[in-house]
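> Before we start, here is the structure in question, set down as structure tokens.
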Amino acid sequence: DRGALEGTKDIAGICYDGDDTWIAVLMSSNIYYSTNDWAANTESDLSGQGNQYGCCYMKGSVNKFIAVSSAGQINLSPDGASWTEATDYDASKQLYAVATDHHTVIAIGNAGVIMTSTDGDTWTIREIDGTPDDQLRGIACNVIGAGLY
């Protein structure tokens with residue numbers, strides 16, 4: 001049992017930068033980060049942007065955490081503490097998950113939305129077959145050493 005987050009929190013996702021920083025995205029519009037394996041944690045400056053559902057860390061030329069929310073927002077952070085909103089994406093879609101192979105990052109969500117990016121800042125909506133009411137809730141990437149060669 002490591003350092004507890006203040007009060008009752010519903011953690012929707014957690015990710016690691018591979019070096020020393022962890023972030024936890026919460027369904028209370030908050031993000032917490034830790035640089036000491038959760039012995040202590042700090043709330044980031046991102047709040048009020050809908051339930052935070054997914055996060056990942058993109059290495060390579062990006063080297064940033066990427067978080068997605070039910071408000072349709074995509075936010076980027078180099079350290080887990082300070083966040084900026086991506087500049088070019090469709091913010092009208094609820095987003096539930098995000099994953100990367102360190103070359104491409106993919107965000108998915110409500111109404112079958114799939115968006116891709118190579119820099120975390122500029123996003124392209126991808127067309128999929130199926131019902132537009134499909135809710136995509138999870139995505140993962142299992143590429144060992146991706147982006148490190």
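The values are calculated or read from the model by the stated rules, or taken from the named source; none is laboratory data. From a predicted model like this one, the values you see are computed outputs, not experimental measurements. All Cβ positions, glycine included, derive from the backbone under ideal geometry; neighbour counts span all protein chains shown. Note: accessible area is taken over every heavy atom of the protein model, side chains too, but ligands, DNA and RNA are not part of it. Shrake-Rupley method; radii C 1.70, N 1.55, O 1.52, S 1.80 Å.
> Would you mind stating whether residue 73 is closer than 22 Å to residue 106 by Cα, modelled with pLDDT under 85, under 14 Å from the mean Cα position of the chain (by Cα) and open to solvent by 20 Å² or more (accessible area, probe 1.4 Å)?
Details: closer than 22 Å to residue 106 by Cα: yes; modelled with pLDDT under 85: no; under 14 Å from the mean Cα position of the chain (by Cα): yes; open to solvent by 20 Å² or more (accessible area, probe 1.4 Å): yes.
Against the criterion (closer than 22 Å to residue 106 by Cα, modelled with pLDDT under 85, under 14 Å from the mean Cα position of the chain (by Cα) and open to solvent by 20 Å² or more (accessible area, probe 1.4 Å)), residue 73 does not qualify.
> Considering region 43-69 alone, what residues qualify as being among the polar types (S, T, N, Q), open to solvent by 20 Å² or more (accessible area, probe 1.4 Å) and either in contact with a Ser or Thr (Cβ under 6 Å, 6 or more places away or on another chain) or at pLDDT below 85 (or both)?
Passing the criteria: 47, 49, 51.
> Shifting gears a bit: Scanning for something under 10 Å from the mean Cα position of the chain (by Cα), part of a strand (DSSP E or B) and in contact (Cβ under 8 Å) with a residue 40 or more places away in the chain, does region 82-95 turn up at least one residue? Please lay out each step first, then the result.
Our first condition is that a residue be under 10 Å from the mean Cα position of the chain (by Cα); within region 82-95, this holds for 95.
Right, trim to part of a strand (DSSP E or B) and you get 95.
Imposing the further condition that a residue be in contact (Cβ under 8 Å) with a residue 40 or more places away in the chain reduces the set to 95.
Yes, the conditions are met somewhere in region 82-95.
> Taking region 7-27, which residues are modelled with pLDDT under 90, open to solvent by 70 Å² or more (accessible area, probe 1.4 Å) and of a type in the set (A, V, I, L, M, F, W, C)?
11, 27
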